[in-house]
Amino acid sequence: MKSRAPRLSARARRIRGGVHPPEHKHLTADRPIRRIDAPEVVILPMRQHAGAPCTPRVKRGDVVAVGTVVGDTEAFVSAPIHSSVSGTVQNVAPHPHPAGGEVLSVFVENDGEYRIDPEVHPLPWEDMGPEEIRKAVRASGMVGLGGAAFPTHVKLAPPEKYPIDTVILNGAECEPFLTADYRIMLEYAEEVVEGLRIIMKAVGAPRGIVAVEDNKPLALRRMAEVARGRDVEVLSLRTRYPQGAEKVLIANLLGREVPSGGLPMHVGVVVNNVGTARALAHYFRTGMPLVERVVTVTGSVVREPANLMVPLGTPFRAALDACGGFTEPPAKLIMGGPMMGLAQYTMEVPVVKGTSGILALSQKETEFEIPLEPVCIRCGRCVEVCPMNLVPTYLAAMAHKEKMEDLERLNVNDCIECGCCAYVCPTKNPLVQLIKAGKAELARRKVLFERRAQEAANRGSGKEGGDGGQ
Amino acid sequence: MALNNLIVTPPPHLKSKEQTAIAMRDVLIALAPITIAALVAFTYNALFNIVVCVGSAMFFEWAARKIRKKQVTLKDGSAAVTGLLLALLLPAKIHWLNMIIASFVAVVIVKELMGGLGRNIFNPALFGFVFILIGSGFLASWTGHLGFLPAGFDGVQTATPLAYIKHGLDGAPSYAALLFANYGGAISEVGCFWILLGGAYLIYRKVINWVIPVTILATVFILAYILGSDGLYHILAGGLMLGAFFMATDWVTSPMNRWGQVVFGLIIGICVVLIRLYGGPSGAVAYSILIGNAFVPLLDRVFKPKRFGEVVAA
């Protein structure tokens with residue numbers, strides 16, 4: 001792709017599948033990103049990313065500044081955690097985590113001065129080599145901000161046998177209600193493109209694409225303006241959930257199918273969220289690690305839905321208060337969008353790196369009839385919508401009966417858990433829920449099986465002198 | 001830590017409005033034109049059939065669910081649809097006991113004893129219909145045009161349009177008559193335009209897709225011509241339209257995958273033409289769809305969606 005004018009037409013290679021739920025984006029689409037103050041105490045869980053959790057690097061009474069590392073680990077697939085305020089470490093203790101369970105967290109009492117850590121200084125990425133960029137990205141604690149929170153520096157370090165030719169910035173934002181990425185593209189378009197160029201440099205990819213669903217024409221136009229003359233393409237995608245799932249995105253944009261069990265790099269692609277790109281550019285410009293993110297706080301029962309720039313570690317309650325609280329008590333509080341987001345049992349959980357939205361639903365929106373006898377009437381809707389070409393109803397039935405061999409035979413691990421099947425099912429069967437349970441059980445049994453095999457092998461070798469058993 | 005009574009469930013937190021009951025209501029709406037046409041043509045004979053069939057189908061479902069100690073599912077409307085389809089398949093003058101038996105076979109044996117809605121292999125209404133078609137010999141009383149007039153109530157014995165296929169088309173009704181108002185055979189054989197109207201509505205509402213009906217109609221049309229018969233007459237006459245749009249498309253008893261649906265349509269289309277030309281003239285569509293139903297488990301096994309990422313995975 002030479003430096004021609006950015007194209008606005010997708011090569012709409014539409015693959016089958018997907019659904020189009022009501023968008024609900026009007027609640028916050030026109031609300032500019034508003035910065036909110038950090039609360040008196042920020043809560044920083046030591047697990048805010050996919051991979052190994054961090055261990056605290058501070059103890060009670062330590063004084064920290066904005067950008068000071070409070071947690072880190074030696075593991076490769078991980079990302080350090082930084083303080084989002086300056087102040088004193090009040091406690092290091094388990095605290096409820098929005099992804100479930102309790103996680104060891106560092107509580108920092110905010111002194112309100114926002115002193116900046118002396119380590120923080122701008123990084124001229126244009127003079128840096130790929131390896132230096134990767135090191136810097138790891139130090140920034142950057143993870144995928146679309147919600148999956150996969151450490152970014154890992155994505156930027158594909159093995160040499162998988163050359164990367166294309167970097168895709170994911171601006172699909174196909175989840176209903178969420179508008180954080182949309183506002184980022186409108187307000188920080190320059191930084192988004194700069195972030196894309198940093199990623200392209202780190203992985204040595206000649207081609208960069210910003211992909212946006214066609215229900216966001218303003219973002220498409222703004223991105224195209226900024227991308228002009230910069231060797232970056234802006235492509236529009238048909239509005240269809242789960243357009244932003246990376247396997248679906250790559251297939252629709254490039255016609256390449258990520259192999260089963262594989263990663264985008266196996267087809268020469270790296271996918272990052274537009275918010276991640278913007279945060280990366282911000283990091284290299286200022287040197288400030290990932291200590292804040294854009295969160296869409298929305299839902300019919302939120303008084304003033306908004307897009308907020310929230311310091312990490314701010315409890316959901318404080319973010320909701322910044323939006324005027326509730327018009328009626330919420331029945332459900334969700335981190336993320338309504339299709340894949342996680343329901344919360346308390347508002348005291350903190351905003352973490354993967355928090356793209358806080359969604360409060362009313363009693364009425366939460367109610368739907370769950371059949372006493374879920375039964376498949378074989379309408380085939382789930383087969384039609386499954387973007388991974390699975391047969392969800394069979395998978396769910398096999399998971400229900402715990403038939404693990406059948407689950408594997410039906411490629412259960414290809415499931416991306418988008419939930420289209422459960423959304424569309426006319427008998428309201430909990431399809432994706434059963435499939436997820438089946439996947440987890442399958443993984444658990446595999447681990448168990450391997451451990452037993454290992455134990456048996458060890459026992460055998462012990463008895464028979466390293467022979468390895470019969 | 002206040003619990004706030006927040007509801008915690010796994011995602012997705014949104015559900016589509018699609019529901020079995022809504023789909024069944026759409027089927028009933030789609031059947032309205034042909035039902036009205038049948039009522040106009042056969043007046044209270046048709047009304048009597050519909051009341052008996054729908055009533056007995058609903059009663060049997062209620063009773064079967066009660067005896068099996070299961071939740072009563074009359075609200076989903078599937079029993080009403082089965083009853084109405086059964087009524088539409090039958091001729092105007094038929095002994096009420098035949099209808100009760102057909103209803104019983106359809107709802108209790110074919111559906112409930114197989115495990116209830118979703119687990120039946122055969123289309124209940126068709127199976128019930130074929131059961132009495134073979135078992136009771138009501139064919140002898142298969143009557144033609146009855147009209148509005150009370151005088152016509154006794155019925156006039158005429159050849160059904162399908163009989164012409166077998167014995168030559170001399171004196172057969174015209175295409176236009178078959179489309180709009182030719183009475184002969186089942187009470188639903190009063191003009192397939194009304195069925196097409198309903199079929200279009202079902203496709204518009206996305207209750208069914210076009211693959212199965214179009215494959216069946218195309219197969220019948222082409223194969224009939226190849227075998228030296230009048231293809232257009234074939235698709236307009238008899239119960240083919242009703243079968244193609246309302247019976248073969250039954251969610252439960254048709255394949256889930258697109259290519260499976262095409263083969264399913266081919267099987268039915270081929271059987272219809274062969275039975276009509278070389279077998280008995282009546283019930284060809286019913287037999288063919290039931291034969292197709294029997295292939296569904298196999299078709300679902302053979303035609304699976306292409307696995308995502310399989311091609312590139314070396």
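The values are calculated or read from the model by the stated rules, or taken from the named source; none is laboratory data. For clarity, every value in this text was computed on a predicted model and none was experimentally measured. Because the Cβ atoms are built from the backbone with ideal geometry, glycine has one as well, and the counts that use them run over all protein chains shown.
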Lone unmet requirement of (1) free of Cβ contacts under 8 Å to residues at least 60 places away in the same chain; (2) within 20 Å of A:CYS382 (Cα to Cα); (3) part of a helix (DSSP H, G or I); (4) not polar (S, T, N, Q) for B:VAL296: (1)
All positions within segment A:352-378 that are at pLDDT 90 or above and more than 9 Å from chain B (Cβ to nearest Cβ): A:VAL352, A:LYS353, A:GLY354, A:THR355, A:SER356, A:GLY357, A:ILE358, A:ALA360, A:SER362
Pull up segment A:318-332, narrow it to residues that are out of contact with any helix residue (DSSP H, G or I) (no Cβ under 7 Å at 6 or more places or on another chain) and within 8 Å of chain B (Cβ to nearest Cβ), then point me to the one that is farthest from A:SER356 (Cα to Cα). A:PRO329
What number of residues within segment B:123-141 satisfy the criterion of being of a type outside the set (Phe, Trp, Tyr) and modelled with pLDDT under 85? 8
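Being crowded, with 16+ Cβ neighbours inside 10 Å and part of a helix (DSSP H, G or I) is the filter here; which residues of segment B:299-311 pass it?
Filtering segment B:299-311 for residues crowded, with 16+ Cβ neighbours inside 10 Å gives B:299-300, B:303-305, B:307-309.
Within segment B:299-311, B:LEU299, B:ASP300 meet the criteria.
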Residue check for A:VAL391: β-branched (Val, Ile, Thr), without any contact (Cβ under 8 Å) to a residue 24 or more places away in the chain and at the interface with another protein chain (Cβ under 9 Å from one of its Cβ atoms): yes
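Show me the helices (runs of 4 or more DSSP H) found entirely inside segment A:318-412 where at least 3 residues are farther than 17 Å from B:THR9 by Cβ.
Values: elements: A:363-366, A:381-385, A:392-400, A:404-409.
The qualifying helices (runs of 4 or more DSSP H) are A:381-385, A:392-400, A:404-409.
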Can you name the number of the only condition in (1) touching a strand residue (DSSP E or B) at 6+ places or on another chain (Cβ under 9 Å); (2) within 14 Å of another protein chain (Cβ to nearest Cβ); (3) closer than 15 Å to B:VAL81 by Cα that B:ASN49 fails? (2)
Of the residues that sit in segment B:1-43 and are within 21 Å of B:TRP251 (Cβ to Cβ), in contact (Cβ under 8 Å) with a residue 60 or more places away in the chain and among the aliphatic types (A, V, I, L, M), which one is nearest to the other protein chains (Cβ to nearest Cβ)? B:ALA23
Residue check: is A:GLY129 surrounded by fewer than 22 Cβ atoms within 10 Å (Cβ to Cβ) and either small (Gly, Ala, Ser) or free of Cβ contacts under 8 Å to residues at least 24 places away in the same chain (or both)? yes
Under 14 Å from the mean Cα position of the chain (by Cα) and within 11 Å of chain A (Cβ to nearest Cβ): is that true of B:ASP300 in this structure? no
Looking at segment B:229-251, can you tell me whether even one residue there is touching a helix residue (DSSP H, G or I) at 6+ places or on another chain (Cβ under 7 Å), more than 23 Å from B:GLY128 (Cα to Cα), within 14 Å of chain A (Cβ to nearest Cβ) and assigned to a helix (DSSP H, G or I)? no
Does B:ILE235 fit the bill of being modelled with pLDDT under 95 and within 24 Å of B:ALA87 (Cα to Cα)? yes
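Name the single residue that is farthest from the other protein chains (Cβ to nearest Cβ) among those in segment A:413-423 being buried (at least 24 other Cβ atoms within 10 Å of the Cβ) and assigned to a loop (DSSP other than H, G, I, E, B).
A:CYS418
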Failed condition for B:LEU88, given (1) more than 21 Å from B:GLY185 (Cβ to Cβ); (2) buried (at least 19 other Cβ atoms within 10 Å of the Cβ), with all others met? (1)
Could you grab me the full set of residues in segment A:262-299 that are hydrophobic (A, V, I, L, M, F, W, C), surrounded by 22 or more Cβ atoms within 10 Å (Cβ to Cβ) and part of a loop (DSSP other than H, G, I, E, B)? A:LEU290, A:VAL291
Odd one out for B:ALA57 among (1) without any contact (Cβ under 8 Å) to a residue 60 or more places away in the chain; (2) within 14 Å of chain A (Cβ to nearest Cβ): (2)
Hey, can you tell me all the residues within segment A:424-462 that are of a type in the set (D, E, K, R), within 14 Å of chain B (Cβ to nearest Cβ) and over 16 Å from A:LYS403 (Cα atoms)? A:LYS428
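Residues being over 15 Å from A:ALA281 (Cβ atoms) and among the aliphatic types (A, V, I, L, M): count how many of those fall in segment A:141-164.
Applying the first criterion (over 15 Å from A:ALA281 (Cβ atoms)) to segment A:141-164 yields A:141, A:143-144, A:146-151, A:153-155, A:157-164.
Applying the additional criterion that residues be among the aliphatic types (A, V, I, L, M) yields A:143, A:148-149, A:154, A:157, A:164.
Looking only at that region, the number is 6.
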Is there a residue being buried (at least 24 other Cβ atoms within 10 Å of the Cβ) and at pLDDT below 95 anywhere in segment A:311-331? yes
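Yes or no, residue by residue, for (1) at pLDDT 90 or above; (2) surrounded by fewer than 20 Cβ atoms within 10 Å (Cβ to Cβ); (3) within 30 Å of A:HIS97 (Cα to Cα):
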{"position": "B:ASN5", "(1), (2), (3)": "no, yes, yes"}
{"position": "B:PRO10", "(1), (2), (3)": "no, yes, yes"}
{"position": "B:HIS13", "(1), (2), (3)": "yes, no, yes"}
{"position": "B:ALA30", "(1), (2), (3)": "yes, no, no"}
{"position": "B:ILE36", "(1), (2), (3)": "yes, yes, no"}
{"position": "B:VAL40", "(1), (2), (3)": "no, yes, no"}
{"position": "B:VAL51", "(1), (2), (3)": "yes, yes, no"}
{"position": "B:TRP62", "(1), (2), (3)": "yes, yes, no"}
{"position": "B:ARG68", "(1), (2), (3)": "no, yes, no"}
Anything in segment B:174-207 that is out of contact with any Asp or Glu (no Cβ under 9 Å at 6 or more places or on another chain) and either part of a loop (DSSP other than H, G, I, E, B) or of a type in the set (Val, Ile, Thr) (or both)? List them, or say none. B:SER174, B:ALA181, B:GLY185, B:ILE187, B:SER188, B:GLU189, B:VAL190, B:GLY191, B:CYS192, B:ILE195, B:ILE203
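Can you say whether A:ARG381 is without any contact (Cβ under 8 Å) to a residue 60 or more places away in the chain, facing chain B (nearest Cβ under 10 Å) and out of contact with any Leu (no Cβ under 9 Å at 6 or more places or on another chain), as far as the supplied structure shows? Reasoning before the result, please.
On the way: without any contact (Cβ under 8 Å) to a residue 60 or more places away in the chain: yes; facing chain B (nearest Cβ under 10 Å): yes; out of contact with any Leu (no Cβ under 9 Å at 6 or more places or on another chain): yes.
So A:ARG381 passes the test.
A quick yes/no check of all residues on (1) within 14 Å of chain A (Cβ to nearest Cβ); (2) crowded, with 24+ Cβ neighbours inside 10 Å; (3) in contact with a strand residue (DSSP E or B) (Cβ under 7 Å, 6 or more places away or on another chain):
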position: B:GLY265; (1), (2), (3): no, yes, no
position: B:GLY269; (1), (2), (3): no, yes, no
position: B:LEU277; (1), (2), (3): no, no, no
position: B:ASN293; (1), (2), (3): yes, yes, no
